[in-house]
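Colleague: Here's a structure for you.
The values are calculated or read from the model by the stated rules, or taken from the named source; none is laboratory data. Model, not experiment: these values are computed from the prediction. Every residue, glycine among them, receives a Cβ derived from its backbone with ideal geometry; neighbour counts consider all protein chains shown. Quick note on the areas: whole protein, heavy atoms, side chains included, nothing else; ligands and nucleic acids left out. Shrake-Rupley method; radii C 1.70, N 1.55, O 1.52, S 1.80 Å.
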Amino acid sequence: MPGPTPSARPARAATATAAAALLTALAAASAQAATPVPSVTGPIASTAQSHPFGGAAHTLRPQDLAKLGYVEEEYLISGQANVYEWPAPGPAVVRTADAPYTTRVLVRRPISPKKFSGNVIVEPLNPSNLFDLNIGWGLSGEHFVRNGDVWVGVTVKPVSVVALKNFDPVRYGALNFANPLPLDDPRNCATVPADSSRTTENGLAWDIISQTGAWLKSQDNSNPLRAAAGFQLKHLIGFGYSQTGGYLYNYINGIHPRETARNGGRPLYDAYIVAVAGGAFAGLYPINQCNPAPPVPDPRRQFNNVGVPIIHIMSQSDYLTGIASRRPDSDAPGDQFRHYEAAGMGHATPDELYSAAKPEDIVKAGRTVPPMSCNEGPRSRFPSSIHFNAVFQNMDLWLRRGLPPPKAEPITVAEGKPVLDVFGNVTGGLRSPFVDVPTSTWNGASTGASFCFIAGHEIPFDEARLNQLYTSHGDYVNQIKGSVNRLVRDRFLTPADGLKLQREAAQSQIP
């Protein structure tokens with residue numbers, strides 16, 4: 001993977017020195033001010049008349065969490081958040097202090113503390129469709145349950161709050177992302193993004209993410225994961241996907257060092273998984289709604305010496321636009337990093353819609369139901385979960401045992417274009433049986449409405465080609481077994497997913 005150019009190294013060294021000096025100053029100024037724990041209301045009752053938007057029992061594919069030994073609880077959290085400026089690489093600085101906010105948090109946890117792994121995954125809920133998407137749970141909820149992990153989703157953008165209030169004005173009436181600057185204040189810019197409003201402020205997200213983490217690590221009576229309730233939180237992992245993956249770029253590089261300093265050198269978040277965001281593709285967002293995001297190749301668009309492990313994963317839909325997110329993997333103390341590019345995997349998946357609020361709830365929220373199909377056919381059925389489950393497994397091993405994740409080459413690119421195999425699939429990258437024992441060509445982009453341009457689609461091989469590739473059904477199954485066994489051995493697949501793929505191959509009609 002390409003490293004920094006020689007001309008960039010002195011600039012980065014100067015940046016690191018400036019950041020270290022600012023970090024020292026922040027530590028001195030904040031020595032007595034740990035991250036505040038927000039005020040909490042809840043859990044809020046779910047009734048026949050009122051339920052959480054995107055709640056597990058009210059998604060396109062409903063789940064009975066109780067049968068899995070899990071429970072879902074929704075809370076409202078309130079506090080005061082700063083709005084920040086980010087004039088240069090290093091920690092962000094306060095623009096407007098102590099703006100009141102109220103948002104909602106969904107918690108899915110084991111009913112019995114004995115089943116708790118100690119891992120808590122905090123996901124800023126993705127607002128790209130103008131309502132909250134529970135993408136992390138949709139991709140890896142099955143793995144979380146199997147492992148005993150807790151998943152926490154938090155609403156972080158005003159446009160999602162509008163949808164929530166449309167959906168249930170009583171349940172969500174208290175939610176508040178008000179802009180602390182009045183309309184006649186010149187700092188309240190006249191032009192804001194199309195999904196935003198001058199009366200609200202997108203930049204409250206960063207302290208909301210921090211204070212959610214502080215609450216979950218606290219022993220406050222409102223915290224369902226407190227030790228007195230039998231839970232022992234060991235690792236808090238930040239997860240972001242697409243737009244909220246870009247949010248994590250802001251948070252990790254601009255806010256994480258501030259919070260680490262104010263907490264006596266102890267990070268709030270013990271690790272981060274940043275998904276399908278990087279480089280020129282959702283690789284950074286405005287720190288407040290008046291300021292533009294720093295452009296490529298600003299060093300704030302890359303991770304270096306963060307101090308906690310980071311796994312970064314791109315899909316076939318976005319890796320090329322986001323190619324500037326590539327950097328060498330590292331096991332160095334303080335700079336633990338892995339970069340993956342998943343061959344065949346699409347960005348906008350069916351899973352994110354299966355786990356989203358059911359269509360009638362989306363309509364009630366005043367939003368458009370995203371399409372499952374594009375001009376070329378259904379959104380790609382490529383099972384992104386197999387790669388994300390392995391990422392979560394490997395992060396757990398990295399944190400718990402100090403066992404570094406495996407390394408993978410990026411997708412092969414020559415002269416700005418992917419190098420394809422004879423089947424039209426990309427070469428290199430994070431591999432799977434779907435590209436190593438293929439039955440289809442996997443495309444990362446489609447045409448059509450909404451996010452079809454990053455949904456991807458599949459072109460199945462015809463019977464003649466399948467018969468050329470595989471002499472019999474048994475031959476196909478044996479090749480799948482060989483691929484799966486290698487990938488499980490190398491920790492690119494979880495054992496559970498390996499067994500599932502072998503079972504599906506055996507039950508298939510291929511060739």
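Colleague: Within the accessible area of the range 153-252, what % is carbon and sulfur when the probe is 1.4 Å and the other protein chains stay in place? Show your work: numbers first, answer last.
Modeller: Numbers: 1780 of 3290 Å².
C and S fraction of accessible area: 54 percent.
Colleague: To make sure I understand the rule: partners must be aspartates and glutamates, Cα under 13 Å from the Cα of Lys481, and not fewer than 8 residues away in the same chain. Which ones qualify?
Modeller: Output for Lys481: Asp436, Asp497, Glu504.
Colleague: What's the angle, to the nearest 10 degrees (0 to 90), between helix 473-489's Cα axis and the longest principal axis of the chain?
Modeller: Tilt of helix 473-489: around 40 degrees.
Colleague: Follow-up. Quick one: accessible surface of Phe423, probe radius 1.4 Å, all protein chains present, in square angstrom to the nearest 10.
Modeller: The accessible area of Phe423 comes to roughly 40 Å².
Colleague: Using only the C-alpha atoms of the range 146-228, find the volume of their convex hull and express it per residue in Å³. Spell out each step's value before the answer.
Modeller: Details: hull volume 12.8 nm³, N = 83.
Considering the Cα atoms of the range 146-228, their hull volume per residue is 154 Å³.
Colleague: Further, regarding this structure: Quickly rank 270-283, 320-333 as a protection proxy: mean count of other C-beta atoms within 10 Å, highest first.
Modeller: Details: 270-283: 24.9, 320-333: 17.2.
Put in order of decreasing packing, that is 270-283, 320-333.
Colleague: Continuing with the same structure: Suppose every K and R has +1 on its Cβ and every D and E has -1 on its Cβ; what is the size of the dipole of the range 347-466 about the Cα centre, in Debye to the nearest 20? Don't skip to the end; give the middle numbers.
Modeller: Values: 11 positive and 13 negative charges, 85 e Å.
It works out to roughly 400 debye.
Colleague: If the reach is capped at under 16 angstrom between alpha carbons, list the lysines near Lys114, excluding any in the same chain fewer than eight residues apart.
Modeller: Answer for Lys114, where 16 Å is the Cα cut-off: Lys234, listed by chain and number.
Colleague: Nearest 10 degrees, 0 to 90: what angle lies between the long axis of helix 205-217 and the longest principal axis of the chain (Cα atoms)?
Modeller: 90 degrees
Colleague: Of Lys217/Lys407; Lys165/Lys358; Lys157/Lys364; Lys67/Lys358; Lys157/Lys358; Lys358/Lys407, which pairs sit farther than 28 Å apart, going by alpha carbon to alpha carbon?
Modeller: On the way: Lys217/Lys407 31 Å; Lys165/Lys358 16 Å; Lys157/Lys364 19 Å; Lys67/Lys358 20 Å; Lys157/Lys358 20 Å; Lys358/Lys407 38 Å.
With Cα atoms farther than 28 Å apart: Lys217/Lys407; Lys358/Lys407.
Colleague: Next question, about the same structure. Which value, in Å³ per residue, describes the convex hull spanned by the Cα atoms of the chain? Please list the in-between numbers first.
Modeller: Working: hull volume 77.0 nm³, N = 511.
So the per-residue Cα hull volume is 151 Å³.
Colleague: Also: For the range 281-354 and the range 41-87, what is the centre-to-centre distance using only Cα atoms, to the nearest Å?
Modeller: 27 Å
Colleague: Dipole of the chain, Cα-centred, from +1 at each Lys and Arg C-beta and -1 at each Asp and Glu C-beta, to the nearest 20 debye?
Modeller: Numbers: 44 positive and 42 negative charges, 197 e Å.
My answer is approximately 940 debye.
Colleague: So, one more: Once you compute Rg and the Kirkwood Rh from C-alpha atoms, what is the Rg to Rh ratio for the range 133-175?
Modeller: Values: Rg = 13.5 Å, Rh = 12.0 Å.
Reported Rg/Rh (Cα atoms, Kirkwood Rh): 1.12.
Colleague: Using the charge dipole of the chain (Lys, Arg: +1 at Cβ; Asp, Glu: -1 at Cβ; taken about the Cα centre), state which of Leu353, Met372, Ala174 has its Cα farthest towards the positive end.
Modeller: It is Ala174, whose Cα lies furthest towards the positive end.
Colleague: While we're looking at this one, here's another question. Suppose every K and R has +1 on its Cβ and every D and E has -1 on its Cβ; what is the size of the dipole of the range 65-222 about the Cα centre, in Debye to the nearest 20?
Modeller: Values: 14 positive and 16 negative charges, 99 e Å.
With only Lys, Arg, Asp and Glu charged at Cβ, the dipole is about 480 debye.
Colleague: Using a probe radius of 1.4 Å on heavy atoms only, what accessible surface per residue do you get for the range 408-503? Whole Å² is fine.
Modeller: Details: 4690 Å² over 96 residues.
Ligands and nucleic acids excluded, the result is 49 Å² per residue.
Colleague: Around Leu60, which amide H atoms from residues at least 5 apart in sequence, or from another chain, sit under 5 Å from its own amide H, with H modelled in the peptide plane?
Modeller: Ala356, Lys358
Colleague: Measure nothing fancy, just the Cα-based angle from helix 385-401's long axis to the longest principal axis of the chain, in degrees from 0 to 90, nearest 10.
Modeller: 60 degrees
Colleague: Counting only protein heavy atoms and using a 1.4 Å probe, what share of the accessible area of the range 441-511 belongs to carbon plus sulfur, as a whole percent? Write down the numbers at each step before the final one.
Modeller: Values: 2000 of 3800 Å².
Carbon and sulfur atoms account for 53 percent of the accessible area of the range 441-511.
Colleague: Ignoring any ligand, DNA or RNA, what whole percent of the accessible area of the range 271-421 comes from carbon and sulfur when the probe is 1.4 angstrom?
Modeller: Working: 2860 of 5320 Å².
Carbon and sulfur atoms account for 54 percent of the accessible area of the range 271-421.
Colleague: Can you find, among Asn291, Leu130, Ala99, the residue farthest towards the positive end of the dipole of the chain? Put +1 on the C-beta of Lys and Arg, -1 on that of Asp and Glu.
Modeller: After comparing all options, I get Ala99.
Colleague: Accessible area per residue, 1.4 Å probe, Å², for the range 195-354: what's the number?
Modeller: Details: 4240 Å² over 160 residues.
I get 27 Å² per residue for the range 195-354.
Colleague: Could you tell me how far the Cα centroid of the range 144-223 sits from the Cα centroid of the range 365-443, in Å?
Modeller: 30 Å
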